[in-house]
Amino acid sequence: MIMGNVGPTSVQSETLLDPGDQPLTPDEEISGIEKLLVDEPDDFQARCRLGELYFSKGRLDDALAEVKKAIEMAESLRTEMNRSLAMYYANLGTIYATKNMADEAEAEFRHALDIFPHDVLALFNLGRLYADKKKYMEAKGYYERLVEITPDDPIAWYNLAGVYIELDNPQVSDYNTIDMGIQCYLRTLELDPKHLESSFKLMEIALSHKKTDLAVRVMESAVEHNPDEPLAYYNLISVYDKCKMFDQAEEARKRLKERFSKKPKDGPKS
């Protein structure tokens with residue numbers, strides 16, 4: 001036997017009994033459940049019972065279809081339960097982290113990922129936790145998983161970029177990840193052109209690796225997207241000077257002065 005010999009479900013005992021409380025025949029019960037599922041197709045218990053009844057009547061194709069539907073519903077329910085449970089463990093980890101209980105926080109974030117491997121909060125916090133501990137290889141793994149799940153989140157790309165830059169340091173690892181870090185910063189700015197921290201970090205990296213065209217392009221874009229931020233102008237002027245683009249530097253100084261010079265206050269009215 002494929003199916004167990006189970007007793008009546010609540011569908012049978014509560015929904016489909018006749019007024020005299022006499023047990024329904026299998027055919028009557030099948031008919032009643034079929035009608036019920038027309039109005040309530042997500043009634044998991046009813047669908048399970050219908051599969052059992054089809055099997056008992058030798059309607060194997062119908063039983064197969066209903067059991068597959070029931071399994072699909074159960075898997076969906078389990079996924080949603082796991083997602084919710086993981087969220088609570090991740091929230092618990094966040095509380096521990098806020099209380100500076102790093103070990104307890106790490107355990108709860110890991111627990112969340114054991115239950116639901118795509119929990120964004122747990123991935124983000126484990127990446128940050130390991131980065132704070134300077135365990136950049138571990139942080140890299142979590143942030144890489146994070147950007148796979150949230151490819152349009154600039155903060156995820158920004159944090160991954162920082163880890164790649166750290167790993168490029170010969171005192172930290174033997175990996176050559178500078179270009180990967182640059183690409184992550186560029187992706188951050190593609191998603192959020194106003195992200196000044198990415199602009200400044202990318203500018204510094206570009207200058208230190210003699211990628212002057214990149215440094216100029218990044219800071220010109222930063223000024224364009226942050227016209228009311230003086231630091232953007234100052235850094236652009238600095239880049240122009242370092243690249244011996246003195247005319248452009250002078251023009252940027254004029255723009256800075258014009259934009260942020262204070263207008264003289266009006267004198268007392270007579």
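The values are calculated or read from the model by the stated rules, or taken from the named source; none is laboratory data. Being a predicted model, the structure only gives us computed values, none of them experimental. Glycine gets a Cβ as well: all are built from the backbone with ideal geometry, and neighbour counts include every protein chain shown. SASA here: full protein model, heavy atoms, side chains in, ligands and nucleic acids out. Shrake-Rupley method; radii C 1.70, N 1.55, O 1.52, S 1.80 Å.
Things worth noting here:
- Farthest positive-ward along the chain dipole, Cα basis, beta-carbon charges - from I165, Y143, P26: I165
- Kirkwood Rh in Å, taken over segment 149-188 so that all alpha-carbon pairs contribute: 10.1 Å
- Between the helical axis of 246-260 and the longest alpha-carbon principal axis of the chain there is an angle of about 70 degrees.
- Accessible surface of segment 87-127 [probe 1.4 Å, protein heavy atoms]: carbon and sulfur percent: 58 percent
- Over the chain, accessible surface divided per residue gives 63 Å², non-protein components excluded, 1.4 Å probe.
- Relative contact order of segment 115-236, taken over Cα pairs closer than 8 Å and 6 or more residues apart, is 15 percent.
- Segment 185-250-segment 91-107 distance, computed between alpha-carbon centres (Å): 37 Å
- Mean projected area (nm²) of the alpha-carbon convex hull when segment 60-106 is viewed from all directions: 3.5 nm²
- From the C-alpha gyration tensor of segment 29-124, square roots of 5λ in Å: 43, 12, 8
- Volume of the convex hull of segment 114-270 (Cα atoms only), normalised per residue: 156 Å³.
- N169/S261 FRET efficiency (R0 45 Å; Cβ-Cβ; nearest 0.05): 0.60
- Dipole size of the chain about its Cα centre, with +1 on Lys/Arg Cβ and -1 on Asp/Glu Cβ: approximately 2160 debye, rounded to the nearest 20.
- Translational diffusion of segment 179-221, µm² s⁻¹ [Kirkwood Rh, Cα pairs; Stokes-Einstein; 4 °C; 1.567 mPa s]: 130 µm²/s
- Rounded to 10°, Cα long-axis angle of helix 26-39 versus longest principal axis of the chain: 30 degrees
- For segment 94-137, the calculated P(r) over all alpha carbon pairs, in 5 Å bins from 0 to the bin holding the longest distance, is 6, 25, 32, 25, 12, 0 percent.
- For L85, net neighbour charge (Lys/Arg +1, Asp/Glu -1) across residues whose Cβ lies under 12 Å away: -2
- Whole-percent pair-distance distribution, where bins are 5 Å wide, for the alpha carbons of the chain: 1, 5, 9, 9, 9, 8, 8, 7, 7, 6, 6, 5, 5, 4, 3, 3, 2, 1, 1, 0, 0
- Of every Cα-Cα pair in segment 186-251, the percent that sits beyond 18 Å: 27 percent
- Over 19 Å [Cα-Cα, segment 54-176], rounded percent: 58 percent
- Based on alpha carbons, the Rg and Dmax found for segment 118-205 are 12.1, 34 Å.
- Environment charge at A222 (Cβ cut-off 13 Å; Lys +1, Arg +1, Asp -1, Glu -1): -4
- The chain: angle of helix 102-115 to the longest principal axis, Cα-based, in degrees nearest 10: 50 degrees
- Only helices enter this figure: runs of n ≥ 4 DSSP H residues, each worth -39500 (n - 2.57), summed and divided by the residues of the chain, yield -23500 deg cm²/dmol at 222 nm to the nearest 500.
- Cα gyration tensor shape for segment 27-82, rounded if a/c is under 1.5, else prolate or oblate: oblate
- Neighbour net charge for D152 - beta-carbon separation under 13 angstrom, K R +1, D E -1: -3
- Heavy-atom surface analysis with a 1.4 Å probe gives segment 176-270 a carbon and sulfur content of 49 percent of its accessible area.
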